[in-house]
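Trainee: Please see the structure below; I have some questions.
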Amino acid sequence: MFESIIESIITHLLIGSSIAAVISILSLLAVRRYRRSRRRVLKSLRLRELKSMSPREFEHAIAELLRALDYKDVKVVGGSGDLAIDVIARYNNRRVVIQCKRYNERKVTSPEMQMFIGMMLTEHNADKGIYVTTSSFTRDAVMLARKHGIELWDGDRLSELLIKIKR
């Protein structure tokens, strides 16, 4: 009789702790899901804000982002006659040139990437290139950029960087 009472108590304790464990796990999953969805909303809001800027405002926003990411000597040079470069900077003592394209839906194409790479190397004598867009890149543009070591920041990458610096 005493043994059955002890077995009953142990069973209830085990069931109780299992239920508590399940509740804890479900709570953690809910919090994670909330954070992920919040991050998605933040990414979309920030990207929407960037897309609503003028091209000049967008260039200045990218310059600020670069400063927040510890780039030095950041200077906006975009405008007519900019030779395909909108921002120049230094990172780890390397000259970096950045092209900024604020597109809503249109993708950055291979001819645009070719122009950037050519100007980066011949006119600006840069060590590194970053091509930034609020949209995305065509497959051919991505392949060309990889071949030449160009860092690509599309809308998703931009959003992630903005979230990172806000933490």
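Trainee: Go through (1) within 22 Å of Lys51 (Cβ to Cβ); (2) surrounded by 14 or more Cβ atoms within 10 Å (Cβ to Cβ) and name the single condition Glu105 misses.
Mentor: (2)
Trainee: Confirm whether Leu69 is loosely packed, with under 15 Cβ neighbours inside 10 Å and among the hydrophobic types (A, V, I, L, M, F, W, C).
Mentor: Details: loosely packed, with under 15 Cβ neighbours inside 10 Å: yes; among the hydrophobic types (A, V, I, L, M, F, W, C): yes.
Yes.
Trainee: Here's a follow-up. Pull up region 120-151, narrow it to residues that are aliphatic (A, V, I, L, M) and under 19 Å from Ala68 (Cβ atoms), then point me to the one that is farthest from the chain's Cα centre (by Cα). So that I can check it myself, show each step before the final result.
Mentor: Here is the first cut: in region 120-151, the ones aliphatic (A, V, I, L, M) are 120-121, 126, 130, 132, 141-145, 150.
Next cut, under 19 Å from Ala68 (Cβ atoms) only: 130, 132.
Values: Ile130: 13, Val132: 10 Å.
The extreme case among them is Ile130.
Trainee: If you don't mind, there's one more thing I want to ask. If I filter region 112-139 down to residues being touching an Asp or Glu at 6+ places or on another chain (Cβ under 8 Å) and in a strand (DSSP E or B), which single residue comes out as farthest from Glu57 (Cα to Cα)?
Mentor: Lys128
Trainee: Tally the residues that are closer than 17 Å to Arg102 by Cα and without any contact (Cβ under 8 Å) to a residue 40 or more places away in the chain, restricting the search to region 143-160.
Mentor: 5
Trainee: Taking Asp140, is it farther than 22 Å from Leu162 by Cα, surrounded by fewer than 16 Cβ atoms within 10 Å (Cβ to Cβ), at pLDDT 95 or above and not aliphatic (A, V, I, L, M)?
Mentor: Numbers: farther than 22 Å from Leu162 by Cα: yes; surrounded by fewer than 16 Cβ atoms within 10 Å (Cβ to Cβ): yes; at pLDDT 95 or above: yes; not aliphatic (A, V, I, L, M): yes.
Yes; evaluated as a whole, the condition is true for this residue.
Trainee: Under the condition of being over 12 Å from Arg56 (Cβ atoms) and hydroxyl-bearing (Ser, Thr, Tyr), which residue from region 77-104 is nearest to the chain's Cα centre (by Cα)?
Mentor: Tyr103
Trainee: Within region 55-106, take every residue that is touching a Phe, Trp or Tyr at 6+ places or on another chain (Cβ under 6 Å) and part of a loop (DSSP other than H, G, I, E, B) and give me the one that is modelled with the lowest pLDDT.
Mentor: So, considering only residues that are touching a Phe, Trp or Tyr at 6+ places or on another chain (Cβ under 6 Å) and part of a loop (DSSP other than H, G, I, E, B), the one modelled with the lowest pLDDT is Ala84.
Trainee: Would you mind telling me which numbered condition in (1) crowded, with 17+ Cβ neighbours inside 10 Å; (2) in contact with a Leu (Cβ under 6 Å, 6 or more places away or on another chain) Glu123 fails?
Mentor: (1) is the only condition that Glu123 fails.
Trainee: Need pairs with beta-carbon distance below 8 Å; first residue farther than 18 Å from Trp153 by Cα and within region 66-90, second aromatic (Phe, Trp, Tyr) and at pLDDT 95 or above; sequence gap 6+ or separate chains.
Mentor: Lys72/Tyr91
Yes or no, residue by residue, for (1) surrounded by 14 or more Cβ atoms within 10 Å (Cβ to Cβ); (2) part of a helix (DSSP H, G or I); (3) out of contact with any helix residue (DSSP H, G or I) (no Cβ under 6 Å at 6 or more places or on another chain); (4) of a type in the set (S, T, N, Q):
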residue	(1), (2), (3), (4)
Leu144	yes, yes, no, no
Gly149	no, no, yes, no
Ser159	yes, yes, no, yes
Leu162	yes, yes, no, no
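The values are calculated or read from the model by the stated rules, or taken from the named source; none is laboratory data. All figures in this text were calculated on a predicted structure; none of them were measured in a lab. Virtual Cβ from ideal backbone geometry, glycine too; neighbours counted across all protein chains shown.
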